[in-house]
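Enquirer: Got a structure for you, questions after.
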Amino acid sequence: MGLIVTHKTGASGNIIVYDNSSASGSVLIEVDETVAGTFDVVFPGDGILYETGVYASLPANTSLTIFYQQG
């Protein structure tokens, strides 16, 4: 389980993933990205538990793919 981050060009910033359906609640992951490219973030063990939902706040020119296992 993990994330794939693609940052094309533009300003650097932080990807923040919340345990919620909006940009509030507990911050579970924060990834800093500063250069263009694609990279992955792999979670060890059983990964990260999202109890309420999942919401990601992304900087401009950035995309995020989240891999998860339900139940």
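Enquirer: Can you name the residue in segment 1-33 that is among the β-branched types (Val, Ile, Thr) and closer than 12 Å to ALA60 by Cα and, of all such residues, is surrounded by the most Cβ atoms within 10 Å (Cβ to Cβ)?
Expert: Result: ILE15.
Enquirer: How about segment 38-58: which of its residues are of a type outside the set (A, V, I, L, M) and surrounded by 11 or more Cβ atoms within 10 Å (Cβ to Cβ)?
Expert: THR38, PHE39, PHE43, GLY47, TYR50, THR52, GLY53, TYR55, SER57
Taken together, the values in this text are just the output of simple stated rules run on the coordinates, not laboratory data. What you see is a predicted model; the values in this text were computed from it and never measured. Every residue, glycine among them, receives a Cβ derived from its backbone with ideal geometry; neighbour counts consider all protein chains shown.
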